[in-house]
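Since the structure comes first, as structure tokens, the remarks are kept for the end.
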């Protein structure tokens, strides 16, 4: 089987380790793989054993068709690992990640004859998928609708409720659980908490900062590492931290999700936004035995698991203050980390994700049954 993994800039920058795991897993099963990402995120692609084709993400409206043809030609010339066999097909599967590359994926599938598989990772993706299905059938009447991969059961149910008519495949994301668990927090040292943000809710960090400031004499026992994306989305964040008198306890870290080795060295992961989007940093933190402090999110299963995550139902100063006080309990910190690690080890191993993805690919290559009214008469004997 020949597969193109195609990702937009946001996904390929944030989830380059995930794409690497998927690529290695597919290669291990005998699949030939090529990866294509925007030029802006080409340099940081990791765990790459296959050739990576860079492209310009947003061609002009009038030059889009020509740009997609040039892209398809670049894929054909890219690597001896992917060759056009005697059947004339360059790829059997195009697997797209991130909504900004869907148009390119659709055009490339049409140009190459590949089956189209699209990953749904958020509520926004589901809304976009409905719009794509409405236009896809009229534009490509002789092609099956895309296969939609859903990385957890809740996103799959939301896609079913939205009425998507393409094939839905449950492909739960998985991660590798490190051999050694996160080391217990050393006594007498500040507890380190990574705060990850997408910028979608610019003021979501404010209640967290206010709850932290209310710790008063216990603030010295915690260090906050905050994704600089939060400050970029909310220019008042710095001044708010300054007015609360807590700047000395905060370190802003650029592009935190794509540099998650920094995150995984801390004691806990805090997610102040209700993202409505699955991100592997949550699974990686759980696998490392970190405590999760998170807004409860209806689409993300891990944020609804009592005993695994410390859940914030209402984004208020009081709720975050109570959460920080729980974090100061070293025994609680360790117990939740152990439970999170075991949950991921049992439910989300990386090899199960590969198995589910390959099953989805096989399903995408199986022609959909033709409705009875469209069936042709059998040939005369």
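The values are calculated or read from the model by the stated rules, or taken from the named source; none is laboratory data. These numbers come from a predicted model, not from an experiment. With ideal geometry, Cβ positions are generated from the backbone for all residues, glycine too; neighbour counts draw on all protein chains shown.
Just one residue in the set 89, 117 is at pLDDT below 95 and not in a helix (DSSP H, G or I); that residue is 89.
Using the structure shown, decide if residue 282 is farther than 30 Å from residue 28 by Cα, surrounded by 20 or more Cβ atoms within 10 Å (Cβ to Cβ) and touching a helix residue (DSSP H, G or I) at 6+ places or on another chain (Cβ under 7 Å). In short, no.
Considering (1) surrounded by fewer than 17 Cβ atoms within 10 Å (Cβ to Cβ); (2) touching a strand residue (DSSP E or B) at 6+ places or on another chain (Cβ under 8 Å), the lone condition that residue 243 does not fulfil carries the number (2). Considered as a group, the residues in segment 177-195 that are in contact with a strand residue (DSSP E or B) (Cβ under 8 Å, 6 or more places away or on another chain) and assigned to a loop (DSSP other than H, G, I, E, B) include one that is surrounded by the most Cβ atoms within 10 Å (Cβ to Cβ), and that residue is 177. In this entry, residue 6 is excluded by the filter for residues that are outside any strand (DSSP E or B) and not assigned by TED's automatic domain parsing to the domain that holds residue 259. Count of segment 261-278 residues, restricted to those that are closer than 15 Å to residue 227 by Cα and surrounded by 19 or more Cβ atoms within 10 Å (Cβ to Cβ), is 9. Would you point out the residue of segment 156-171, among those that are in contact (Cβ under 8 Å) with a residue 12 or more places away in the chain and within 30 Å of residue 338 (Cβ to Cβ), that is surrounded by the most Cβ atoms within 10 Å (Cβ to Cβ)? Step by step, filter segment 156-171, then rank; the result is 171. Within segment 172-193, how many residues turn out to be in contact (Cβ under 8 Å) with a residue 12 or more places away in the chain and more than 20 Å from the chain's Cα centre (by Cα)? Residues that pass the stated criteria total 9. Could you go through segment 258-275 and let me know if any residue there is without any contact (Cβ under 8 Å) to a residue 60 or more places away in the chain and part of a helix (DSSP H, G or I). Scanning segment 258-275, I find at least one residue that is without any contact (Cβ under 8 Å) to a residue 60 or more places away in the chain and part of a helix (DSSP H, G or I), so the answer is yes. Any residue that is at pLDDT 95 or above, surrounded by 15 or more Cβ atoms within 10 Å (Cβ to Cβ) and not in a helix (DSSP H, G or I) - is there at least one of those in segment 196-208? No, segment 196-208 contains no residue that is at pLDDT 95 or above, surrounded by 15 or more Cβ atoms within 10 Å (Cβ to Cβ) and not in a helix (DSSP H, G or I). Please determine whether any residue of segment 317-325 is more than 24 Å from residue 185 (Cα to Cα), modelled with pLDDT of 90 or more and either in a helix (DSSP H, G or I) or in contact with a helix residue (DSSP H, G or I) (Cβ under 7 Å, 6 or more places away or on another chain) (or both). The answer is yes; a qualifying residue exists. Here residue 364 meets the list (1) at pLDDT below 90; (2) surrounded by 13 or more Cβ atoms within 10 Å (Cβ to Cβ) almost entirely, failing just condition (1). With respect to (1) part of a helix (DSSP H, G or I); (2) at pLDDT 90 or above; (3) touching a helix residue (DSSP H, G or I) at 6+ places or on another chain (Cβ under 7 Å), the lone exception for residue 224 is condition (1). Residues of segment 133-158 that are under 18 Å from residue 112 (Cβ atoms) and part of a helix (DSSP H, G or I): 136, 139.
Taking each residue of segment 307-318 that is outside the structural domain of residue 269 (by TED's automatic domain parsing) and looking for partners that are at pLDDT 85 or above and crowded, with 21+ Cβ neighbours inside 10 Å with beta-carbon atoms closer than 8 Å, six or more apart or interchain, yields nothing. Residue check: residue 156 meets all listed conditions (1) closer than 24 Å to residue 355 by Cβ; (2) touching a helix residue (DSSP H, G or I) at 6+ places or on another chain (Cβ under 8 Å) but one, namely (2).
I'd like to check something: does segment 340-352 contain any residue that is at pLDDT 85 or above and outside any helix (DSSP H, G or I)? Looking through segment 340-352, at least one residue is at pLDDT 85 or above and outside any helix (DSSP H, G or I).
The number of residues in segment 92-103 that are in contact (Cβ under 8 Å) with a residue 60 or more places away in the chain, surrounded by fewer than 24 Cβ atoms within 10 Å (Cβ to Cβ) and assigned to a helix (DSSP H, G or I) comes to 2.
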